[in-house]
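One structure is given below, encoded as structure tokens.
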Amino acid sequence: MGFADALDSGKFIVTAEVSPPRGTDLLDILSEAGQLQGLVDAVNVTDNQRAMMRMSPLVLCHKLAETGFDTIMHMTCRDRNRLALQSDLLAAHALGIHNILAMSGDYPTMGDQPSSKPVFDLDSVQLLQLIEKMNSGFDFQDGPLDSPTSLCAGTVANPGARPLALQLLKLNKKVSAKARFIQTQAVFDAAVFNEFADAIKSIGIPIIAGIIPLRSARGARFMNDKIPGVNIPEDDIKRMETAADPVSEGLEIAAETIANIRPTCRGIHIMPIGGHGNTRRLLEICGLD
Amino acid sequence: MDEHMIITRLKPIEEILTMVGKFPASTICVVGCSICARKIQTGGETQVTSLAAQLSSHGLDMLDGKMVKHACSAKSWDELIEENPALAQADTLLVLSCGAGVSLLGRISGKPVLPGLNTTSIGGALANDTLEGVCVMCGECDVAIYAGLCPKSGCPKSQINGPCGGSSDGDCEVEGRKCIWVTIYEILECRGMLELLDDIKPPVCHDRRL
């Protein structure tokens, strides 16, 4: 069953994230992703994540599709104008990519190519509208396509961002623009997530919650300081500090978070720091393997 | 008070020296502009005199610096020379004005013009504050929807349908900036006009500016 079918089926969804290489060799990342075989409904591939230059996700998604994975290609509005976005959407369909995650993208000055021109020709709402249009056989200017795309489009949300009313303003537009699912920023505080899920319950869009297992107290403090909307509870940081085996403790904390949000979300998206070596273990603890 | 303001910044002296170095044996006149550049002190009398003195100390053949009324608006070169005869004697003009002023003086003077400033945005002046980047000259102004504030210029990502995911607690993900969407929202909420934000706004038509 592909990811889009899983969304429709009501099944609890598991996705996991990988990033393309900073070079030309795909062997390591394909072997890394290989650990996810049989564990996930789809693999997400990032698009110059945090504005750090990497290989195009089109290529890695294609290679993963060849090995049997369904993929969710991240597509930011930062680096391409509407011509290039349309080209890449056609290419994605042709390369066996079925799902797109539409997002604005981090600003270039946050990454390693800070002098880049920030494009932002479309925003994430307009990109979702564009995908819907291409799915119905037309380009941005209403010209007919020789053959339409068939892409399941989702988008992102940040449950911790405040004010919530502004988040909801954008989210409602994304849903009007036919987003089929939302994936969230990493969830550390189940109460904050559940409040968000409750606020958007009436919209009825499936929420896939982002999960980052903590690896150290220091890393947790770093994320609290540096990532907008991330708020790791002090109690969890203390647990990490006193744990004999911080990595295992981080997996336990993640599993507890998943258990606490499971009634309000449709799935989880695992984006570990430093590879998927423990992803199977985490899913085993959660009974999701 | 001037109602508009083109925001400029003085180029580093090393860059200016490299530019003038391409015109050896040239008599140079530094030209300031009495409108925006004077107001934000990038091309007023003080900056013109100081730059001329600096270049002179590097052994360049400098005339006394001159101010023009508006570098971006002139009837003719003859009229400018009438007001500032020294401009006619210069081989090269080093202009402390916005890009529009530099281009205009280049067109009408027939002389090489060198820009002494970098033009960064269109802004405004509020008492002693300079407001930078308040308009991107998109060619389809719709600030009425956004409480009079322009998200195309006020948001680094020009988000017109609501804030991006990097906005948190009123802060922009770009360091040192506030999220303009929070201000827009607060004003419209006060006015009871939040419904202005409900519709999905289409992308800018860039061909309208041609």
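The values are calculated or read from the model by the stated rules, or taken from the named source; none is laboratory data. Note that this is a predicted model, so its numbers are computed, not measured. Every residue, glycine among them, receives a Cβ derived from its backbone with ideal geometry; neighbour counts consider all protein chains shown. Note: accessible area is taken over every heavy atom of the protein model, side chains too, but ligands, DNA and RNA are not part of it. Shrake-Rupley method; radii C 1.70, N 1.55, O 1.52, S 1.80 Å.
Run the Debye formula on the Cα coordinates of the protein assembly as shown, all scatterers equal and no solvent, and tell me log10 I(q)/I(0) at q = 0.13 1/Å. So the normalised log intensities work out to -1.16. Distance between the 7 Å Cα→Cβ label points at residue A:136 and residue A:22: 4.4 nm. If R0 is taken as 30 Å, the Cβ-Cβ distance between residue B:143 and residue A:191 corresponds to a FRET efficiency of 0.20. Taking the square roots of five times each eigenvalue of the Cα gyration tensor of chain A, the equivalent ellipsoid has semi-axes of 30, 21, 19 Å, listed largest first. The GNM of chain A, with springs linking C-alpha atoms under 10 angstrom apart, assigns the highest mean-square fluctuation among A:159, A:108, A:263 to A:263. Helix-only arithmetic for chain A: the sum of -39500 (n - 2.57) across DSSP H runs with n ≥ 4, divided by the residue total, places the mean residue ellipticity at 222 nm at -12000 deg cm²/dmol. Rounded to the nearest 100, the interface formed by chains B and A buries 2200 square angstrom of accessible surface, both chains summed, with a 1.4 Å probe. For the residues A:261, A:200, A:72, a GNM of chain A with alpha-carbon springs under 10 Å puts the largest fluctuation on A:200. Our note on the geometry: Cα centres of the stretch A:176-207 and the stretch A:46-61, 25 Å apart.
Between the amide H of residue A:149 and those of A:135, A:137, distances stay under 5 Å, these residues lying 5 or more places away or on another chain, with hydrogens modeled in the peptide plane. Helices in chain B, meaning DSSP H runs of at least 4 residues, each add -39500 (n - 2.57). Divided by all residues, the mean residue ellipticity at 222 nm is -8000 deg cm²/dmol. Per residue, the accessible area of the stretch A:1-150 comes to 42 Å² when a 1.4 Å probe rolls over the protein heavy atoms.
Between residue A:231 and residue B:26, the simple spin-label model (points 7 angstrom out along Cα→Cβ) gives 5.9 nm. Put one equal scatterer on each alpha carbon of the stretch B:5-121, apply the Debye formula with no solvent term, and list log10 I(q)/I(0) at q = 0.09, 0.16, 0.19 1/Å to two decimals. Once normalised to I(0) and log-transformed, intensities are -0.19, -0.63, -0.92. Overall shape: prolate for the stretch A:92-143, with the ratio a/c of the largest to smallest alpha carbon gyration tensor axis at 1.5 or above and a/b above b/c.
On the basis of the beta-carbon distance and an R0 of 22 Å, residue B:88 and residue B:58 show a calculated FRET efficiency of 0.35.
Measuring heavy-atom accessible area with a 1.4 angstrom probe and counting protein chains only, the residues of the stretch A:107-152 that give up at least 10 Å² relative to the chain alone are A:107, A:109, A:110, A:120, A:121, A:123, A:125, A:126, A:129, A:140. In this label model, residue B:45 and residue B:120 are separated by 2.7 nm, measuring between points 7 Å along each Cα→Cβ vector.
Residues of the stretch B:188-210 whose accessible area (probe 1.4 Å, heavy atoms of protein chains only) drops by at least 50 Å² once all protein chains are present, relative to their chain alone: B:200, B:203.
Residues of the stretch A:222-247 that bury at least 10 Å² of accessible area once all protein chains are present, compared with their chain alone (1.4 Å probe, heavy atoms only, ligands and nucleic acids left out), are A:228, A:229.
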